[in-house]
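The values are calculated or read from the model by the stated rules, or taken from the named source; none is laboratory data. Predicted, not measured: the structure shown is a model, and the values here were computed from it. Here Cβ is always computed from backbone atoms with ideal geometry, including for glycine, and neighbour counts include all displayed protein chains.
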């Protein structure tokens, strides 16, 4: 079948429960690695975060793969009874072991469509540890927010200080006057994975990311 944007759509073909389970009111897009990383703390954080999303009734939107941290967070949401939307370009379905056991599975023609779908279906963005792809997706959302295209919350889950080098680079950009007054980069850095969902819940309760709402996200 086709979704409203004419992308290939496979809505829960491997998950009978998706027939009756409704997409939550709030959904969080998670950017993270398709590998597990060096430290076991990364996978543990992904598992805790996935369970926390499900327990809070917040849906997961993610890159659709079954490997690495992507697979860990998605399976943890499912195991805790939560709702998962996977969005993956067709050329990565085999390479990243597309996870069929989700409630909504969208296969796009290319990466640009994938990222647009992830943006449109999400109310906030969380970056777990990952590689260049994770960084690119995160920075794109920071840029769109910086340019006033959205005010959805952006959170860096700073597991074992993973995002410290990026924070240092942004400090350097600001010190060298490439991040100028009036062009703030809005995001939150949260060290404890257990604190991410409460932060998002508070943001949602205050209307952050809704049109005309005051932005609670920290300005860099």
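Identify the residue in region 161-199 that is over 18 Å from residue 129 (Cα atoms) and surrounded by 15 or more Cβ atoms within 10 Å (Cβ to Cβ) and, among all such residues, is modelled with the highest pLDDT.
Per the stated criteria, the residue is 199.
Take residue 121 and tell me if it is under 22 Å from residue 55 (Cα atoms), modelled with pLDDT of 95 or more and within 18 Å of the chain's Cα centre (by Cα).
Answer is yes for this residue.
When you go through (1) more than 29 Å from residue 198 (Cβ to Cβ); (2) at pLDDT 55 or above one by one for residue 41, which number turns out not to apply?
Exception for residue 41: condition (1).
Which one of these does residue 167 not meet: (1) without any contact (Cβ under 8 Å) to a residue 12 or more places away in the chain; (2) in a helix (DSSP H, G or I)?
(1)
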